[in-house]
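The values are calculated or read from the model by the stated rules, or taken from the named source; none is laboratory data. All values reported here derive from a predicted model rather than from experimental measurement. Here the Cβ positions follow ideal geometry from the backbone for every residue, glycine too, while neighbour counts run over all protein chains shown. These area figures cover heavy atoms from the full protein model, side chains too; ligands, DNA and RNA do not enter into them. Shrake-Rupley method; radii C 1.70, N 1.55, O 1.52, S 1.80 Å.
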Amino acid sequence: MSSSKERVFVTGASGGIGSGVVRGLVKKGIDTTAYVRSEEKAKELFKDELKSGHLKIAVGTYSTVDDFKEAIQGHTRLFLLFAAVHSKPADMSEVKGTLAKIAFEQGVQQIVDLSSAFVSTYGRKGIIGYMHTTAEEKLWTLADENPNQRSLVVLRPGSFTNNHLMADVHHIKHSNKLVSCGSPSSVTTWIDTRDIADCAVAVLSESIEKHDRNIYELGAEALSNEQRAAIFTKVLGKPINYEQQSFQDFYKAMTGLGMPHSIVYNFTLIASKDICDSTTPQIAIIIGRPLHTLEEWITDNIKEFQ
């Protein structure tokens, strides 16, 4: 990819995955625009990257369409991310469809969409699957209107290792246990958000033709709840046990943290059926290294659990 001819636009740029994409692109010398709500926050977050001369900040939201339309001009690629935890069910497809349509009309040639493995395993079943499936459908329709000029690549990650920093971190720090509604043998496939960002950077920095129309699922390890507890025990150097909650207690605890009904109910589905069909070690072909393990992630974030 020639950084002098192309420019990548990154939505959700101040979040964990988006900021990783921004940093990865800038490190490669690729001209990048970070689309953020707060310019002040972005200048602090990307103070080193701004010194490179390869990063520009654009301020706007998903609902300020005019700001997006103006900012996206002159870009050839778009990383499309929409966090939908507290949004309405149709918001994701509406926002992604609107932004993608504008982007393609303004000359963007490639969109890399951050979706979810729920699309593969659950489809429209469950609110997370519904939101990502309907959003993908709109994007594919737009891309296929002009397939020679519009490229689409979809990333479908499993459960984020960062999710352990929501409720799990409190149970581990104060009660030396992991708590969820799945059985001790229930399996979940995990992926480090750094791997998601690095995969996006690879796709956005290589030839458009190479990755066109690919769907990349991302899952590093399929671990039972007992196995997760054993890994935490090993890294933290103290016994961490797994405790199975009733569905009712799990629901009450998660909604008590401010999470909406539909999202929490969707989480209960994973107790009996994993979000991913299998792990994806082959992603190493794209990112040039093995995927991070849960043990590596805990080690890198050990202070959070002490």
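When the trypsin sites (Lys or Arg not before Pro) in the stretch 1-61 are filtered for DSSP coil states and for at most 11 other beta-carbon atoms within 10 Å of their beta-carbon, the remaining sites are Lys5, Lys51. Out of the GluC sites (Glu not before Pro) in the stretch 140-221, which ones are loop residues according to DSSP with at most 13 other C-beta atoms within 10 Å? Within the stretch 140-221, the qualifying GluC sites (Glu not before Pro) (loop, at most 13 other Cβ atoms within 10 Å) are Glu145, Glu206.
Dividing the Cα convex hull volume of the stretch 180-245 by residue count, how many Å³ per residue is that?
In the stretch 180-245, the Cα convex hull volume per residue is 101 Å³.
Quotient of the Cα radius of gyration of the chain and 2.2 N^0.38 Å, N being its number of residues: 1.01.
Computed from the alpha carbon positions, the gyration tensor of the stretch 77-175 leads to an equivalent ellipsoid with semi-axes of 30, 14, 12 Å, biggest first. With Cα atoms as the point set, the radius of gyration and Dmax of the stretch 1-68 evaluate to 11.3, 32 Å.
At a Cα cut-off below 16 Å, give the lysines reachable from Lys56, other chains included and same-chain residues fewer than 8 away excluded. Reachable lysines: Lys5, Lys27, Lys28, Lys41, Lys43, Lys47, Lys69. Ignoring lysines fewer than eight residues from Lys177 along the same chain, the ones with Cα atoms less than 29 angstrom from its Cα are Lys234, Lys238, Lys252, Lys273, Lys303. First obtain the Kirkwood hydrodynamic radius of the stretch 98-239 from its Cα pairs, then insert it into the Stokes-Einstein equation at 37 °C and 0.692 mPa s, and state the resulting D in µm² per second as a whole number. My calculation gives 191 µm²/s for D. Pairwise inverse Cα distances across the stretch 117-191, averaged and inverted, put the Kirkwood hydrodynamic radius at 15.1 Å.
Between helix 225-236 and the chain, what is the angle of the helix's C-alpha long axis to the longest principal axis, kept within 0 to 90° and rounded to the nearest 10? Between the helix axis and the principal axis of the chain, the angle is about 90 degrees. The ellipsoid that matches the Cα gyration tensor of the stretch 1-126 has semi-axes, each √(5λ) in whole angstrom, of 24, 16, 15, with the longest given first. For the stretch 250-306, the Kirkwood hydrodynamic radius from C-alpha pairs, put into Stokes-Einstein at 25 °C and a viscosity of 0.890 mPa s, yields a diffusion coefficient of 169 µm² per second.
Give me the log10 of I(q) over I(0) for the stretch 193-306 at q = 0.12, 0.20, 0.22 Å⁻¹, as the Debye formula computes it from C-alpha points; what are the numbers? Results for the stretch 193-306 at q = 0.12, 0.20, 0.22 Å⁻¹ read -0.62, -1.22, -1.26.
For the chain, the share of accessible area belonging to carbon and sulfur comes to 49 percent (1.4 Å probe, ligands and nucleic acids excluded).
Using only Cα atoms, find the angle between the long axis of helix 91-105 and the longest principal axis of the chain, and express it within 0 to 90 degrees, rounded to the nearest 10. The angle comes out near 30 degrees.
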